[in-house]
Amino acid sequence: MLDNIVLSSAVMDVDFGIKGYSKLDFFGSDVYLTSSHICLLIVAVIVLVFAIAANITIRRADPGKAPGGFLNVIEFIVSAVDNMVEGGMGIAHAASYTNYIGTLFIVLVLCNLSGLLGLRPATADYGSTFALAMITFFMIHYAGFKYQKVSRVTNLFKPLILSPINIIGEIATPISMSLRLFGNILSGTVMMGLIYGLIPWFLTIAWPGVLHIYFDIFSGCIQAYVFVMLTMTFISQNFETE
Amino acid sequence: MSNITNEGLVLACSAVGAGLAMIAGIGPGVGQGYAAGQGAAAVGRNPGAKGNIMSTMLLGQAVAETTGLYGFAVAIILLYANPLIKKL
């Protein structure tokens with residue numbers, strides 16, 4: 001009865017779910033190539049092309065001359081990541097973690113910004129954020145057993161009455177980290193999907209750009225930074241041996 | 001009221017529940033605002049440490065946001081992956 005209202009027909013276009021594109025047979029179970037895979041593959045290609053270009057530029061760089069445009073960008077990125085890791089983990093341990101933290105930060109920033117290209121961000125898929133958080137979880141416990149040996153386990157039972165809370169706290173770390181990233185990016189995706197579905201097409205040219213600045217650029221960069229900072233904080237908590 | 005199907009009732013109550021779940025947004029809003037206020041006061045007292053204060057404040061705000069995001073996850077699950085409709 002309300003068919004001729006523009007709003008109600010526009011609402012039908014709202015679409016922000018994960019889309020499966022081609023069905024693959026993986027040992028008898030159906031596996032879909034989803035929009036998250038495509039986004040991650042595009043991000044991987046971008047990072048790979050950038051890394052190869054950076055490698056060629058660094059090899060050809062003349063140490064006698066001042067660095068040019070692209071080399072300056074590379075140096076800025078490398079020194080920014082170095083400073084961030086040194087600030088978060090201390091100079092003694094920074095060198096062994098800079099690779100992973102820098103890679104994680106670049107991939108997360110590009111994934112979160114991929115909403116600008118019309119892709120569905122891969123970090124709005126709980127599978128990918130939970131995988132990243134599980135990597136952090138295993139790194140935390142590897143560092144814990146490496147630096148604290150057996151006292152890592154006994155510390156969990158230190159006040160014996162609090163031991164269930166300590167154990168739940170350890171398990172909750174990857175869940176809360178992954179849900180934080182997932183929830184933030186998903187909320188941006190949902191908001192943008194609703195707005196693109198609600199407004200008429202001629203308004204989509206200009207008006208959602210303002211919201212993209214907040215939901216994709218600001219929120220995405222903050223959340224990538226927060227995920228990386230929390231990874232560094234949790235890992236470096238294990239460095240002090242009691 | 002007799003022409004409401006069971007499925008319709010579950011869907012309507014799920015929509016109400018999703019809205020109620022988003023009340024969880026009040027807490028992070030208050031907390032983030034308080035953290036931002038304290039951060040502004042800290043920058044006012046010690047403008048030289050602005051970078052450290054900003055990063056600490058953003059980290060704390062992001063951690064405080066987690067409870068709100070749990071509410072958001074509940075709302076999204078109720079709307080798009082409703083577990084209750086399968087129990088009919």
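General remarks:
Residues checked against (1) under 19 Å from A:H37 (Cβ atoms); (2) modelled with pLDDT of 90 or more; (3) not hydroxyl-bearing (S, T, Y):
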residue: A:T98; (1), (2), (3): no, yes, no
residue: A:L104; (1), (2), (3): yes, yes, yes
residue: A:G118; (1), (2), (3): yes, no, yes
residue: A:S128; (1), (2), (3): yes, yes, no
residue: A:A133; (1), (2), (3): yes, yes, yes
residue: A:F137; (1), (2), (3): no, yes, yes
residue: A:R152; (1), (2), (3): no, no, yes
residue: A:L156; (1), (2), (3): no, no, yes
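Residue-wise test of (1) closer than 24 Å to A:G17 by Cβ; (2) part of a helix (DSSP H, G or I).
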| position | (1), (2) |
| --- | --- |
| A:H37 | yes, yes |
| A:A54 | no, yes |
| A:P67 | no, no |
| A:L71 | no, yes |
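- Search result, residues across the range A:185-229 that are aliphatic (A, V, I, L, M) and without any contact (Cβ under 8 Å) to a residue 60 or more places away in the chain: A:M191, A:I195, A:L203, A:I205, A:A206, A:V210, A:L211, A:I213, A:I222, A:V226
- Among (1) over 26 Å from B:L69 (Cβ atoms); (2) within 21 Å of the chain's Cα centre (by Cα), the one test that A:I101 misses: (1)
- Scanning the range B:53-88 for residues that are within 16 Å of A:F16 (Cα to Cα) and among the aliphatic types (A, V, I, L, M) yields B:A73, B:A75, B:I76, B:I77, B:L78, B:L79, B:A81.
- Of the residues making up the range A:175-207, those that are under 20 Å from A:L116 (Cβ atoms), polar (S, T, N, Q) and within 14 Å of chain B (Cβ to nearest Cβ) number 3.
- Test: residue in the range A:188-195 that is within 21 Å of the chain's Cα centre (by Cα) and small (G, A, S): yes
- Taking the criterion of being in contact (Cβ under 8 Å) with a residue 24 or more places away in the chain and of a type in the set (S, T, Y), the residues of the range A:19-66 that qualify are A:T34, A:S35, A:S36.
The values are calculated or read from the model by the stated rules, or taken from the named source; none is laboratory data. Remember, it's a predicted structure, so these values are computed and weren't measured experimentally. As a convention, Cβ positions derive from the backbone with ideal geometry for all residues, glycine included, and neighbour counts pool all protein chains shown.
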